[in-house]
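Inspection log for the structure reproduced underneath, given as C-alpha cells.
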Amino acid sequence: MISKAIEKLYLILFFLTPLFLWPSSSEIFELNKSLLIEMIAIFVTSLKLLQIANVRKINLFISEVVLIWMILLVGIGASVLTSIDFVTSVYGAWGRFQGGYLSYICWFFLAIVLASSDFVKHQIFWKKIGYVSLISASLVVLWGLPAQLFGFDLSCLIFTKSVSNNCWGSAFQPAIRMFSTIGQPNWLGGYLVSVIFFVPYLWKKSKNKEKFILMILSLIIFWGIIATKSKTALFSLLISLICVFCLFFCFRFLKFSKRFLVMIFSIILIVGMILFSIYSATKATNQKMGSLRPTDSFLIRQIVWKGSLNGFLKLPITGSGLENFANLYPIFRFPEHNQTSEWDFVYNRAHNEYLQYLATTGLIGTLSYLLWLVWSVIFVFKNKYSDNQSFWLTGAIFSLWIGNLTGFSTTTTFLFLSLIPLVGLVQIEEKPHFEIKLGNIGSFLLKSFAIITCAYFWFQIINFWSADKAYQRAQITDNPSEASLELLDAQAKFYHPLFAEKTSEALMRSAYLLSSDTANNEDTKYSFQQLITLSNDIIQKLITSYPFNWSYKRTQIKNGLLELQIDPSINNIVKLTNLINESKYSYPTDPKLDYFQAIAYKTYALSLNSKSEKYLHFQKALDAINLSLMKKSDWTDALETNAEILQLLGNKV
C-alpha cells in the first residue's frame, strides 16, 4: 500500500513539476516548482519511514547512490560553511531556489528513497516514467501553442482573464519564442530535448499502437523545441545524438563494455566543455559594443565567464559559497560588461554551470559535482544485462550537460539529471549489509517522528508560500505604507532577510512621502524621523550580518539618497559619500555608484545658500558623473544628469 503510494508520488513528480506555476507568487515558475518538489520529497521520505516502521526492520545498504550523494553534499557543503552569505547558500538565490543547499538535500532524499524502493527494479516503472514525462512535455508545448498561433497565452487567459499575450510585459514575448509553463525559452528547450530521448528508449519494446502514440508525442515535443528558437537546445540535441551514435558504434564494433564506454565519453565531454569555457572566458572581447542595441548573448556570457574565472582564482578552494554568484560577480565584474545591453542586469547565475561551480564552490565542490555527473551516466549501466536502449538515456543526460555549458540547471532539468540514472537499478537485487530490528516502542517512535516531521516541514513551506504572496503584494503596490504592512506580515509568517531589506526600503519611501507633505507639523516630523531611524537600523543590521551582500549595500545607498532629500545636512552627505566610496572600493567597475555620488552632491548643493559651497559641491557632482560616463559613456541617465549639472554651474551645454 505505502509502496504504491510512493510510486504514484514519483509519477506525479515527473508529471506535475513541468506544468506547475502560480500567479500570485513573486516568481511564478521556478519558485513554485521548487516548493512542490520539496513537499513531495518530504512526503515520500515520511512514507518511507512509515513503511520501515510497519515492517519493524531497518535494512542498511552501503549503496553507490548514498555514497555518491554524500560526496556531493559534503563537497558543496564545504562552500556553504565558508560562504560569504550563508542564507543565500542554504536557500538559494531568491526565486531560483534550485541550487540552494536545501534543494540538494531534497534531491538526496528523493534519490535514496527511490533507490531503496522495490518498484524501481522493474522495467514497467521506467516505462511509466517515460510516458508520463512525454505526456507532460507535450502538454507543456500545447499550453504554449495558442500564444504563438492565435496571439493569446493560456496563462494570461486563466490568471488575468486577458485574451492576449500582454500579461507577460515586453520582457517576455511568447508569440516569438515559446516558454509556456517553464519560464524561459532556453529552459523549455533544454527540458524538451532531454525528454524527447524517451521516445527511442521506449520504441523498441512498444507495440504498434504505442509506437503511433510515441510518434505523435515526439512531433509535438519537437515542434516545441523549434518554437523556443533556442540555439542552445538545438546544439545540445545535435551533440548528444552524435555521442549516442558513437556509443552504439563503439559498443558494437570495438566490443568495449558499456560502463567503460560511457565513462570515457563523459570524461572527454566534461573536460572538453570546461576547457572550452576557460578558453572562451580568456577571449572575452575588449571592444566597445554599445548598449543601445541588443548585444549578442554569447559575447555577454564570455564576459561573465571571465569574471567567474577571476572569482575562482581569488577563492580557489571553497569559492564564495554555493549560490552566491550574485554577490561575487559585482566584485570581479569586468569593465567590458558596461558596454553591453545587459550591463544593468543582476547576474545570479554565470550561465555556465561549470564555471559557476568553480566560482561559488571552489575546487572541492566542483570536483565532487563532476564526479557525481560522471557517476550518473555510468550508473545507468549498473545492471550488466541492461538493454542497449539505455544508451538513449545517456543521451538525455548528455544533453543536459551540454545545455548547462551556456545555461544552468532548473527544477525540471535537474529532476531528470538526478533521478533518471537510477534506471540502472532495474533487475538489481541487493542484500542488506546490516539489519536493525525495531520493537513496538521503536516502531511507534519512528511513525511519530515521520508524521510530526512531515507536518512540521509542510507547515513551514505553506507559511513560506503565504509569506511570499505577501511579499509579492508589497512589490506591486505603489503605496509604501501598504508595502511596509505586507512585508511585516511576510516576516511574521516566515523570516527571510530579503523581506527585511524591502521593509527598510518601504519605510524610507514612507518617510520621504511624509516629509513632502505641505501640511508638515511637529507630529509629522517626529513620525518620518522615526521611520528613517527604523529603516536605517534594519538595513544596518542586515549589512552587519551579511557584509558581502551587494543588494543590501545598494539598498542602503538608495535609502541614503532619499534621506538626503528629506534632510540635506552635512552629516547625511558625509555618511552617504563615505558609504558610496567604500562600495566603489569593493565594486570598482559599477558606473551606478559614481552616478549615485553625483546625485548626492547635486542634492546637497541645491540645499546650500553659500555660493562658494554650492559651486564646490556642484563641481564634485560633475567629477563624479564624469567618472560614471568614463565607465558607461552612452548611459542616458548619466548624460542627462551631466547636462543638468553643467547648466547649474552656469556653462553652456
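The values are calculated or read from the model by the stated rules, or taken from the named source; none is laboratory data. Model, not experiment: these values are computed from the prediction. Cβ placement follows ideal geometry from the backbone for every residue including glycine, while neighbour counts extend to all protein chains displayed. Side chains are part of the model used for accessible areas, which takes the heavy atoms of the whole protein and leaves out ligands, DNA and RNA. Shrake-Rupley method; radii C 1.70, N 1.55, O 1.52, S 1.80 Å.
Quick notes
- Checked against the criterion of being of a type outside the set (S, T, Y), out of contact with any strand residue (DSSP E or B) (no Cβ under 9 Å at 6 or more places or on another chain) and within 23 Å of V423 (Cβ to Cβ), the range 171-189 contains not a single residue that satisfies it.
- Filter result (touching a residue at least 40 places away in the same chain (Cβ under 8 Å) and either open to solvent by less than 20 Å² (accessible area, probe 1.4 Å) or not in a helix (DSSP H, G or I) (or both)) within the range 499-518: A500, E501, S504, M508, A511
- For beta carbons closer than 6 Å, sequence separation of 6+ or different chains, a first residue in the range 305-321 that is without any contact (Cβ under 8 Å) to a residue 60 or more places away in the chain and a second that is hydrophobic (A, V, I, L, M, F, W, C) and buried (at least 24 other Cβ atoms within 10 Å of the Cβ), the qualifying pairs are W305/L355; S308/A350; S308/L355; S308/A359; G311/L328; G311/A359; F312/L358; F312/A359.
- When restricted to residues that are surrounded by fewer than 17 Cβ atoms within 10 Å (Cβ to Cβ) and over 23 Å from the mean Cα position of the chain (by Cα), the range 465-484 contains 5.
- Residue tally, condition β-branched (V, I, T) and surrounded by fewer than 13 Cβ atoms within 10 Å (Cβ to Cβ), over the range 238-255: 1
Residue-wise test of (1) at positive phi; (2) open to solvent by less than 20 Å² (accessible area, probe 1.4 Å); (3) not in a helix (DSSP H, G or I).
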position: S3; (1), (2), (3): no, no, no
position: K8; (1), (2), (3): no, no, no
position: I12; (1), (2), (3): no, no, no
position: S26; (1), (2), (3): no, no, yes
position: L35; (1), (2), (3): no, yes, no
position: L47; (1), (2), (3): no, no, no
position: Q51; (1), (2), (3): no, no, no
position: N59; (1), (2), (3): no, no, yes
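- Residues that are closer than 20 Å to N609 by Cβ and out of contact with any Leu (no Cβ under 8 Å at 6 or more places or on another chain), drawn from the range 560-579: Q565, I566, D567, S569, I570, N571, V574
- Flag if K258 is open to solvent by less than 60 Å² (accessible area, probe 1.4 Å), basic (K, R) and either touching a His at 6+ places or on another chain (Cβ under 9 Å) or within 30 Å of N352 (Cβ to Cβ) (or both): yes
- Residue pairs meeting the criteria (Cβ under 7 Å; at least 6 apart or on separate chains; first open to solvent by less than 50 Å² (accessible area, probe 1.4 Å), in the range 554-571; second assigned to a loop (DSSP other than H, G, I, E, B)): P568/S607
- Any hit, the range 349-369, residues being touching an Asp or Glu at 6+ places or on another chain (Cβ under 8 Å) and crowded, with 21+ Cβ neighbours inside 10 Å: yes
- Where F119 falls short, out of the listed (1) under 26 Å from S194 (Cα atoms); (2) crowded, with 19+ Cβ neighbours inside 10 Å; (3) among the aromatic types (F, W, Y): (2)
- Checking every residue in the range 175-184 against the condition of being modelled with pLDDT of 95 or more, within 19 Å of F20 (Cα to Cα) and surrounded by fewer than 18 Cβ atoms within 10 Å (Cβ to Cβ) gives zero matches.
- Selected residue [at pLDDT 95 or above, open to solvent by 20 Å² or more (accessible area, probe 1.4 Å) and either among the hydrophobic types (A, V, I, L, M, F, W, C) or in contact with a His (Cβ under 6 Å, 6 or more places away or on another chain) (or both)] from L608, L616, L593, L579: L579
- Whichever residue in the range 204-220 is without any contact (Cβ under 8 Å) to a residue 12 or more places away in the chain and over 16 Å from S138 (Cα atoms) and, among such residues, is least open to solvent (accessible area, probe 1.4 Å): S206
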